[in-house]
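**Q** Take a look at the following structure, please.
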Amino acid sequence: MRWQDMERSQNVEDRRGQSFGRIAGGGGRPGILLLLVVLVGGYFGVDLTGLLDSGGTPQVVAPPAVQQRQQTADPSDTLAEFTKVVLKQTENYWSSFFSANGEHYQAPRLVLYTGQTNTACGYGQSAMGPFYCPADRKLYVDLSFYHDMQTQLGGGGDFALGYVVAHEVGHHVQNLLGIAQEVHQMQAKVSKRDANRLSVMMELQADCFAGVWGSSVRRQGRLEQGDLQEALQTATAIGDDRLQRRAQGRVVPDSFTHGTSEERYFWFKRGFDTGNPGMCNTFSEKR
Ligand SMILES: [Zn+2]
């Protein structure tokens, strides 16, 4: 992706090098876009407790305090710069999407950290990978995950990193739209198996939203040869079936919470091909 000259997001807290960061609370929730929300209800009554990158009900908006510190040159700075560019792209895209639907997009904040950090969802650790905390509306990213993704999972490339960031932003969008809350409520009422399946649908929708980001990058003429393949390869590498086989040598589909490689590939591509979040209805579509 050609991104070096693109605008960076300012919604960033750089906590790299700190032992832990401070906690901020967060605020109101905008109206619901029916377009995407109706989807959730129809499936089967369910709860979203097992969702790693989801938490409680959103409350307060974080105060606009930004900690910006100068870093010495290091490879992760390029990654940090790129991450800020991706975040800005998502802000542009979702702002126009929300305003086209008569709503205002409240952008999430990105927290860069190393090792571990405090969040309104509990203690964040780099081993968890990038995650979104709905309670403080922040994305938490330890850039070291990118190295792991390249070396251990066989994913990589800038567009693959962008996919991961855009996926977490997708969870923020689900939070703003009330989808996450609705799914949580449903999950409380059903079996573990069905609750897991609802988690999968949430995750696949976030993948599809990430694909929509990819589509917006393409429309700006910023894609390079191989970018889409990088993202698709990563989507495949982080499927539950693939990860379980790596970790335990076997696959237990009922325990999936993110979807299979094939599903993740499919939904990222769906978002990318259509560029339309309305086509990301993972809840009603049976495959
Ligand atoms: Zn996720």
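**Q** Roll a 1.4 Å probe over the protein heavy atoms and report the accessible area of K192 in Å², nearest 10.
**A** Here the accessible area works out near 140 Å².
**Q** Let me ask something additional. I'd like the distance between the alpha-carbon centres of the range 232-257 and the range 141-192, rounded to an integer number of Å.
**A** Answer, in whole Å: 15.
**Q** Leaving ligands and nucleic acids out of the surface, order R109, R197 by accessible area at 1.4 Å, largest first.
**A** Ranked from most to least accessible, the order is R197, R109.
**Q** In what order, largest first, do I238, I179 sit by accessible area if the probe radius is 1.4 Å?
**A** Heavy-atom accessible area, descending, gives I238, I179.
**Q** While we're looking at this one, here's another question. So what are the three principal axis dimensions of the range 69-200 from its Cα atoms, in whole Å, longest to shortest?
**A** In descending order, the Cα extents are 49, 37, 28 Å.
**Q** Oh, and also: Per residue of the range 159-169, in order, report the coupling 6.51 cos²θ - 1.76 cosθ + 1.60 (Karplus, θ = phi - 60°) as ³J(HN,Hα) in whole Hz, putting x for Gly and Pro.
**A** 5, 5, 5, x, 4, 5, 5, 5, 5, 5, 4
**Q** Keeping all protein chains in position, work out how much accessible area V111 exposes to a 1.4 Å probe, and write it in Å² to the nearest 10.
**A** Counting only protein heavy atoms, the figure is 0 Å².
**Q** Sort E81, E91 from largest to smallest accessible area, using a 1.4 Å probe on the heavy atoms of the protein chains.
**A** E81, E91
**Q** Per-residue accessible area for H172 at 1.4 Å probe radius, Å² rounded to 10?
**A** Probe radius 1.4 Å; accessible area of H172 about 0 Å².
**Q** Moving to a separate point now. Here are some pairs, K88/K269; K88/K138; K192/K269; K84/K138; which of them have Cα atoms lying more than 25 Å apart in this structure?
**A** Result: K192/K269 exceed 25 Å.
The values are calculated or read from the model by the stated rules, or taken from the named source; none is laboratory data. In this text the structure is predicted, and so the values were computed from the model without any measurement. Note: areas computed on protein heavy atoms with side chains; ligands, DNA, RNA excluded. Shrake-Rupley method; radii C 1.70, N 1.55, O 1.52, S 1.80 Å.
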